[in-house]
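Undergrad: There's a structure below that I have some questions on.
The values are calculated or read from the model by the stated rules, or taken from the named source; none is laboratory data. Values in this document were obtained by computation on a predicted structure and should not be read as measured data. Note that we place each Cβ from the backbone using ideal geometry, even for glycine, and neighbour counts take in every protein chain shown. Please note that ligands, DNA and RNA were not included when accessible areas were found on the heavy atoms of the full protein model with its side chains. Shrake-Rupley method; radii C 1.70, N 1.55, O 1.52, S 1.80 Å.
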Amino acid sequence: MKTTSALSKSSKPLSAGIRRRLQEFSLMSRDPVLFMSLLFSGIFIFVFVLLPISRTVSGGFISEEGSLDFTYFARYFDSTYGPVLRQAFVDTMKMGLLTAIFGTLVGFIFAYASVRCNPPAKNLLHWLALLPTVSPPFALALSVILLFGRGGLITKRILGIQFVSGMNDIYGLDGLVLVQTITFFSAAYLILRAMLERLNPSLEEAAASLRASRFHIFRTVTLPLLIPGIAGSFLLLFVESLADLGNPLFIAGNRTVLSSQIFLAVIGEYDYQKASALSLILIIPTLTLFMIQRYYVNRRSYISVTGKPSGAQITEKDPVIRWIFNGLAYLICAFVILLYATIFYGSFSFSWGVDFTPTLRHWSMVLTRGVEAVLDTTFLSALATPFAAILGMVIAWLVVRKNFSGKEALDFSSNLGGAIPGTILGIGFILVFNKPPIALALIVYAILAIFFVSAVGKGAREGVVILLLGTAIGALLIRRESVQVYYILGCLYLILAILLAFGGNRRSSVAFSSLLGIYVMSTNWANIAAKPIAEFSRSIERGFWSNAIFQFSDHIKVLLQPPPSLLAIFLIFAGILLVQELKRPPLRLAGGIVALTIPCVLSFIETPFALVGGAYIIMAAFIIRSLPASVRAGVASLQQIDPSIEEASNILGGDAQYTFRKVTLPLILPALLAGLIFSFTRHMTSLSAIIFLVSAKWRIVTASILSEWEQGGVGIAAAYSTLIIVLVMIAIAVLYVITNRLLRGREGIDLSQM
């Protein structure tokens, strides 16, 4: 009896917890837009983050025959493969630790000089510190090789060094750490600068009034206050270093690290099990340190929001300390300028190391045969950027403003894309979306269909009728030819528009439904519209314009022919908004069946979620990699806004979508624009996440740079790098002009929150 009563008591909290969670989601479902935001965010993260990562991790234990296999893990302990594999792991950890130490130190020097030492040309110092963030990940490795390599300008031409076998050169772990330090120190600079600006000066002033020495104040007051920022930047740089692929491929020499091992396992050996096993080895330290980093970053964000400086900012009065920090900062700036000047001149040099005669032949090749990669990268980056920024703001709003079960999981998983090395995500995308299981489409459709009928059906019976009839009609239409299917689905949207018109609904809803019908039918018209453009490009002389016009025809297809399984997700949410406009039961029932039939067909037509080789899988990789920065910027901005402003809107009758659109979004606009800037920059310079996803039809500039380097095209690689830097800086300048016009008299963009 005692055991039975104990079990009944223990089951009560469990059942109460389940009921509480169901009540939470029941209350949220009363606001469809709020629940749609949560559901869409959850599905997107599950499909494009959690599923690829889990598939990559599990792939290391599964052989080609599908049996359980520990071969690649056992090799770490045998005498044949073990020494090499263990040395690669040790070198990876050394690389991460040294890069994190030196990168944090350089970031602190820049931050302290900028905030406390009043350097000349302070704005120039700031922008030079940010310059590595707008260049391709291996641009600096390319520059260092051009200067200090075996045929480098400084080592060979100026110093006359003749390298012999066994002689130490720039290739190896020392050169790799140097390049990564310069590449990643900007992140440490932004974090530490933000903390220094927000330190309460009264603490240091109190210590100075007690006649403490400057060094004693720094050691006992300033440094302890900066520990969260220092630890956070150290861990961030460690993770970034381990995730880096481009620099190890360029300058590691005979040293091998895990990221390049994973790349070679896929590209050189075509062994996905080995790549997955190595990915798991790399995930363990990066994910562990990412969780520690989140702890410190959260502490930093909390301090910066709740404790603002009282009084004027402290400036360094000791001229020796001031000029030491300013001198070191500008010395590093001079080195950075030298590196980028080398890339620029290398793009015009006839044959670097042999003939430095200026020539335009590298640029001619980039702007003719390479224009496809440039246009594809810019086009896909521009499409992915607003989606990443807006999705980041929505997730930040859900995390900060709403309370629901799984909020912490949503926050954590949305940041995984930045913590997991890009090569791991790329492998996961290949494993999941090359031959996706039909179960994925079934699960996604089932979740969306159940939500659809619960949102539009007035009662269980009406919901069941909509679910059964909509799914049954959709299953019958799937068997038809795809061309006929798209015309039928377009006509169904026109029928829904007629129902909305009969119901006396707003003209905007009728027009929206009609436009959806035309858009669905335009899938059949995309090839017709693109064909004459492609034929015209072939009729003119081969060069920049012919290649650019041909790529434009492909871009039209991307806009008009999205993957059906992804289009279905959008259309099911659009259908909810349209059907809810129908108040009469017969019209609502008919509209619900029509609106569910369309996404049902699109969810299973052709091969659901078969994205490999197309443009949308590259855009998904872009979004996942830049999403964490947008979320962090949105969270930091929302924490500074008093919730009572939004509560006032709710009290006056505004629902969640109205409050977010009219109240919250204008207040977090600086964070949104910061997310746009960072996302576009990250997309244009991404390599590790998309290196496995490029195809003959869709080429990315960073992959083209790597290809040219492998084939000996140093000048072409330098020209590509220069062009990307210029394009990104132009895009940032345009966004800043827009920002200045939109944010007159308001808070500007704070990139330190990225």
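Undergrad: Do the conditions hold for Leu494, that is, is it assigned to a helix (DSSP H, G or I) and in contact (Cβ under 8 Å) with a residue 40 or more places away in the chain? Explain how you work it out, then say what you get.
TA: Numbers: assigned to a helix (DSSP H, G or I): yes; in contact (Cβ under 8 Å) with a residue 40 or more places away in the chain: no.
Taking the combined requirement at face value, the residue does not satisfy it.
Undergrad: What number of residues in region 335-358 are part of a strand (DSSP E or B) and open to solvent by 50 Å² or more (accessible area, probe 1.4 Å)?
TA: 4
Undergrad: Still on this structure: If we keep just the residues of region 719-749 that are more than 22 Å from Ser381 (Cα to Cα) and open to solvent by 30 Å² or more (accessible area, probe 1.4 Å), which is modelled with the highest pLDDT?
TA: Start the filter on region 719-749 by keeping residues that are more than 22 Å from Ser381 (Cα to Cα), which leaves 740-748.
Filter once more, so that each one left must be open to solvent by 30 Å² or more (accessible area, probe 1.4 Å): 740-742, 744-748.
On the way: Asn740: 66, Arg741: 69, Leu742: 63, Arg744: 57, Gly745: 48, Arg746: 50, Glu747: 50, Gly748: 49.
Looking at the filtered set, the residue picked out is Arg741.
Undergrad: Could you go through region 359-382 and let me know if any residue there is surrounded by fewer than 16 Cβ atoms within 10 Å (Cβ to Cβ), at pLDDT 90 or above and either over 27 Å from the mean Cα position of the chain (by Cα) or within 29 Å of Ala187 (Cβ to Cβ) (or both).
TA: Looking through region 359-382, at least one residue is surrounded by fewer than 16 Cβ atoms within 10 Å (Cβ to Cβ), at pLDDT 90 or above and either over 27 Å from the mean Cα position of the chain (by Cα) or within 29 Å of Ala187 (Cβ to Cβ) (or both).
Undergrad: Taking region 247-256 only, how many residues are under 20 Å from Ile424 (Cα atoms) and either at pLDDT 90 or above or in a helix (DSSP H, G or I) (or both)?
TA: Qualifying residue count, region 247-256: 4.
Undergrad: Cβ-Cβ distance below 8 Å, separation of 6 or more or different chains: which pairs start in region 668-682 with a residue that is in the same structural domain as Leu383 (by the TED database) and end on one that is buried (at least 24 other Cβ atoms within 10 Å of the Cβ) and part of a loop (DSSP other than H, G, I, E, B)?
TA: Listed pairs, sorted by first residue: Ala674/Met754; Gly675/Met754; Phe678/Met754.
Undergrad: So Ser539 passes all but one of these: (1) over 30 Å from Met365 (Cβ atoms); (2) among the small types (Gly, Ala, Ser); (3) over 36 Å from the mean Cα position of the chain (by Cα). Which condition number does it fail?
TA: Single failed check for Ser539: (1).
Undergrad: Which of the numbered conditions does Pro421 fail, given that it passes all the others? Conditions: (1) closer than 30 Å to Gln261 by Cβ; (2) open to solvent by 50 Å² or more (accessible area, probe 1.4 Å); (3) not aliphatic (A, V, I, L, M).
TA: So Pro421 meets the others, but not (2).
Undergrad: Please determine, by comparing only the residues of region 232-243 that are open to solvent by less than 10 Å² (accessible area, probe 1.4 Å) and not hydrophobic (A, V, I, L, M, F, W, C), which one is farthest from Ala187 (Cα to Cα).
TA: For region 232-243, the residue satisfying everything is Ser241.
Undergrad: Quick check on this structure: which one of Ile53, Ile101 is among the hydrophobic types (A, V, I, L, M, F, W, C), closer than 30 Å to Ile390 by Cβ and part of a helix (DSSP H, G or I)?
TA: Only one candidate passes the filter, namely Ile53.
Undergrad: Of the residues that sit in region 66-85 and are part of a helix (DSSP H, G or I) and open to solvent by 60 Å² or more (accessible area, probe 1.4 Å), which one is farthest from Pro437 (Cα to Cα)?
TA: Looking at residues that are part of a helix (DSSP H, G or I) and open to solvent by 60 Å² or more (accessible area, probe 1.4 Å), I get Pro83.
Undergrad: Moving on to the next point. Can you pull out the residues in region 439-463 that are in contact (Cβ under 8 Å) with a residue 40 or more places away in the chain and β-branched (Val, Ile, Thr)?
TA: Val444, Ile447, Val453, Val456
Undergrad: Can you name the number of the only condition in (1) among the aliphatic types (A, V, I, L, M); (2) more than 21 Å from Arg86 (Cα to Cα); (3) open to solvent by 10 Å² or more (accessible area, probe 1.4 Å) that Leu226 fails?
TA: Exception for Leu226: condition (3).
Undergrad: Pick out the one residue from Lys317, Lys274 that is open to solvent by 40 Å² or more (accessible area, probe 1.4 Å), modelled with pLDDT of 85 or more and of a type in the set (D, E, K, R).
TA: Lys274
Undergrad: Only one residue in Leu589, Leu567, Leu559 is assigned to a helix (DSSP H, G or I), open to solvent by less than 40 Å² (accessible area, probe 1.4 Å) and at pLDDT 90 or above, so which one is that?
TA: Leu567
Undergrad: Considering only residues that are assigned to a loop (DSSP other than H, G, I, E, B) and free of Cβ contacts under 8 Å to residues at least 12 places away in the same chain, which ones fall in region 360-383?
TA: Listed by number, the list is empty, since nothing qualifies.
Undergrad: Being of a type outside the set (A, V, I, L, M, F, W, C), within 30 Å of Val366 (Cβ to Cβ), crowded, with 19+ Cβ neighbours inside 10 Å and under 37 Å from the mean Cα position of the chain (by Cα), is that true of even one residue in region 518-536?
TA: Within region 518-536 (the criterion being of a type outside the set (A, V, I, L, M, F, W, C), within 30 Å of Val366 (Cβ to Cβ), crowded, with 19+ Cβ neighbours inside 10 Å and under 37 Å from the mean Cα position of the chain (by Cα)), the answer is no, since none of the residues qualifies.
Undergrad: Now a separate question. Any residue at all in region 524-547 that's touching a residue at least 60 places away in the same chain (Cβ under 8 Å), in a helix (DSSP H, G or I) and either assigned by the TED database to the domain that holds Ala384 or farther than 22 Å from Val483 by Cβ (or both)?
TA: The answer is yes, given that some residue of region 524-547 is touching a residue at least 60 places away in the same chain (Cβ under 8 Å), in a helix (DSSP H, G or I) and either assigned by the TED database to the domain that holds Ala384 or farther than 22 Å from Val483 by Cβ (or both).
Undergrad: A further question follows. Only one of (1) in the same structural domain as Ile321 (by the TED database); (2) assigned to a helix (DSSP H, G or I) is not met by Asn118, so which one is it?
TA: The single condition Asn118 does not satisfy is (2).
Undergrad: Can you name the helices (runs of 4 or more DSSP H) wholly within region 632-710 that have at least 2 residues being open to solvent by less than 20 Å² (accessible area, probe 1.4 Å), modelled with pLDDT under 75 and not polar (S, T, N, Q)?
TA: The helices (runs of 4 or more DSSP H) meeting that bar are 669-684.
Undergrad: Do we find that Ser63 is out of contact with any Cys (no Cβ under 6 Å at 6 or more places or on another chain) and open to solvent by 50 Å² or more (accessible area, probe 1.4 Å) in this structure? Spell out how you get there, then give the answer.
TA: On the way: out of contact with any Cys (no Cβ under 6 Å at 6 or more places or on another chain): yes; open to solvent by 50 Å² or more (accessible area, probe 1.4 Å): no.
Taking the combined requirement at face value, the residue does not satisfy it.
Undergrad: Among the residues in region 497-505, are any free of Cβ contacts under 8 Å to residues at least 40 places away in the same chain, open to solvent by 20 Å² or more (accessible area, probe 1.4 Å), assigned to a loop (DSSP other than H, G, I, E, B) and not aliphatic (A, V, I, L, M)?
TA: Yes, region 497-505 contains at least one residue that is free of Cβ contacts under 8 Å to residues at least 40 places away in the same chain, open to solvent by 20 Å² or more (accessible area, probe 1.4 Å), assigned to a loop (DSSP other than H, G, I, E, B) and not aliphatic (A, V, I, L, M).
Undergrad: Here are some residues: Phe110, Phe102, Phe138. Which one is buried (at least 24 other Cβ atoms within 10 Å of the Cβ), on the phi < 0 side of the Ramachandran plot, aromatic (Phe, Trp, Tyr) and modelled with pLDDT of 90 or more?
TA: The conditions single out Phe110.
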